[in-house]
Amino acid sequence: MQDKYVGDFGDFVKYGLLRHLSEGKQLGVAWYLHPNEEGPDGRKLGYLKKPDIWKPLDRDLFNGLNTIVQSESRSVAALESSSLLNGAKFTNERLETDLLPSQWRQRRKWRADWFNDVVTKLQGCKIIFTDPDNGLCLDKRYRPSRAKYWKRLPLAEALNLSTGRTAVLYHHNTRRPGGHRKEIRYWMKKLPHCVGAFYCNTDGFRTFFVISDDDVIKRRLDEFAKKWARVGELIPPGGVRNDQGC
């Protein structure tokens, strides 16, 4: 996550899902927050100019994000201080350090301490949301001492945060051979108790993996997928509709 993404279309879908799933349950958000980077990302705001299309999906969310964007204060701090994720707990320490690359042992420890703090702060939450820039990563391909890897969510951390509770894991779909649906199926097999993945293929490609043993969450996920069908589809566990790329 980066501050510049707050309020863009991906954010709209993300918070729409979290609001629907977490009603009446304590939500915890692990931002995996990075400093803003140069580039065009975060400019997908055209949906705010089409209220007739998008506002009916979640009026309060649409209006709230529009207020943040118009105030030119796009940041996770602005989101946290709003009522859009009312009652949520947040971990917002940025994934940046003054330690030099040559200090790789210290950097690895710093990153481990960062995650331990996330776990501590989100204790007691019934639903956890992780928001890494790039999404899931196999542990064997993760280098905790190198900052560029901090934009990823190693599988071990995903499993840690999802143990004994519901978790929603953000994943930015890649150019993995076989297409996005094959990629989604691959990760679903790595995530125990994954009840479905909402694949958003509008204004970018992103997937939200939902891990839960809660029948209420399963029902709400189905409801969300039906209401938000114009932006994506729910891929059930154990298979996908097809393996064609997107």
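Each of Asp139, Asp214 has some number of other Cβ atoms within 10 Å of its Cβ, and from fewest to most they run Asp139, Asp214.
Placing +1 on the Cβ of every Lys and Arg and -1 on the Cβ of every Asp and Glu, with no other charges, gives segment 1-138 a dipole of roughly 320 debye about its Cα centre.
Roughly speaking, what is the centre-to-centre gap between segment 42-66 and segment 1-22 when only Cα atoms are used, to the nearest Å? Cα centres, segment 42-66 to segment 1-22: 11 Å. Close amide-amide hydrogen proximity is noted between Gly196 and Val210, each under 5 Å apart and 5 or more residues distant or on a separate chain (H modeled in the peptide plane; Pro and chain starts excluded). Taking a Cβ cut-off of under 11 Å around Ala78, the surrounding Lys, Arg, Asp and Glu residues balance to a net charge of -2, with basic ones at +1 and acidic ones at -1.
Across the chain, C-alpha contacts under 8 Å between residues 6 or more apart give a mean separation that, scaled by the residue count, equals a relative contact order of 20 percent. Estimated from helical segments only, the mean residue ellipticity of the chain at 222 nm is -10500 deg cm²/dmol, where each DSSP H run of four or more residues counts as -39500 (n - 2.57).
Here, each number is a calculation from the coordinates, and none is a lab measurement. Because the structure is predicted, anything quoted here is derived from the model rather than measured. Cβ sites come from the backbone with ideal geometry, for glycine too, and all protein chains shown count toward neighbours.
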